[in-house]
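In what follows, a structure is listed as structure tokens, so that the remarks can point back to it.
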């Protein structure tokens, strides 16, 4: 059997095609909701993704500290996604991380192919394009680079880009600081559930076992953006996801029955609550359905870091403190691996019973 290798979307985009291949065209029922992302981002009416200022998250003043933590908890409860500002990670470091990723994707295709992954052989780290194993059987308009960035002893630096030279240094430092931010966020979310502050972190594997996986998503210009998606509608399986982007809009959230476009907030990190924390909190914190749009005019790049529990060591289920007679468990016990399999299996049905229907 010949392994199907997805074409690089960058090659398609730069080939001068006027129409996208049919395997990138979204199903009819989705197309009605895909608009021009630049027009969508300008809209000020309707709900907006909350911006949470973390400046006072550890304030000495208990009233000020509580107000900040309450806002974070409320955003996690209502939206499950937010822009974090004053997050404590230097802007200069974030610019270096972004510059390093952009420089890698500017390399000639044959250089990038040296880092190609091989999903069929189970080698998932490296440079790749999405294979058609998703709900619709369609392809997404993106290439990517995927690798584990923390804990440091679990990294495989041999597959990290050698060009630019700053890639490993900047990404490693960013991973270290992001890991500390994840601890801080999980502490606040634990307290918000009435638990001791270290509880959620412990439940997702703690400092030794929680994995930080980075996926740099590269969305080339698309000649027919009204027909395609950069990434189809999904919820994240992670505990938390942190996202940087190159200030080109694209992220949409499915909130109160409508697609809401996230604004580009300078010096912010977008954070999603993932399925793992939704399960542990028994649905009190939300893992929101989201997708990515593409456009004709600008390349969009995003840097997503997924904080994931170990695949087999932990059974994910609603914590006993979140369950009562009036609030029975909403999720059956599963390992993280079983949850991934469950979602892959469910995707086929979900595409038939679309949440937009």
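A short reminder: the numbers here are calculations on the coordinates, not readings from a lab. Computed from a prediction, not measured in an experiment: that's the story for all the values here. Every residue, glycine among them, receives a Cβ derived from its backbone with ideal geometry; neighbour counts consider all protein chains shown.
Things to note:
- Once the stretch 221-263 is narrowed to residues that are out of contact with any strand residue (DSSP E or B) (no Cβ under 8 Å at 6 or more places or on another chain) and not in a loop (DSSP other than H, G, I, E, B), the residue that is surrounded by the most Cβ atoms within 10 Å (Cβ to Cβ) is 255.
- Residue match in the stretch 130-138 (condition: in contact with a strand residue (DSSP E or B) (Cβ under 7 Å, 6 or more places away or on another chain), more than 30 Å from residue 46 (Cα to Cα) and assigned to a loop (DSSP other than H, G, I, E, B)): yes
- Residues (closer than 30 Å to residue 184 by Cβ, buried (at least 17 other Cβ atoms within 10 Å of the Cβ) and touching a strand residue (DSSP E or B) at 6+ places or on another chain (Cβ under 8 Å)) located in the stretch 20-56: 41, 49, 52, 54
- Members of the stretch 57-95 found to be free of Cβ contacts under 8 Å to residues at least 24 places away in the same chain, buried (at least 16 other Cβ atoms within 10 Å of the Cβ) and either under 23 Å from the mean Cα position of the chain (by Cα) or more than 29 Å from residue 256 (Cβ to Cβ) (or both), listed by number: 71
- Within the stretch 187-198, considering residues that are part of a helix (DSSP H, G or I) and without any contact (Cβ under 8 Å) to a residue 60 or more places away in the chain, the one surrounded by the fewest Cβ atoms within 10 Å (Cβ to Cβ): 187
- Members of the stretch 200-220 found to be assigned to a helix (DSSP H, G or I), surrounded by fewer than 19 Cβ atoms within 10 Å (Cβ to Cβ) and in contact (Cβ under 8 Å) with a residue 12 or more places away in the chain, listed by number: 207, 208, 209
- Residues considered: 157, 148. Of these, the only one that is over 29 Å from residue 224 (Cα atoms), free of Cβ contacts under 8 Å to residues at least 24 places away in the same chain and touching a helix residue (DSSP H, G or I) at 6+ places or on another chain (Cβ under 8 Å) is 157.
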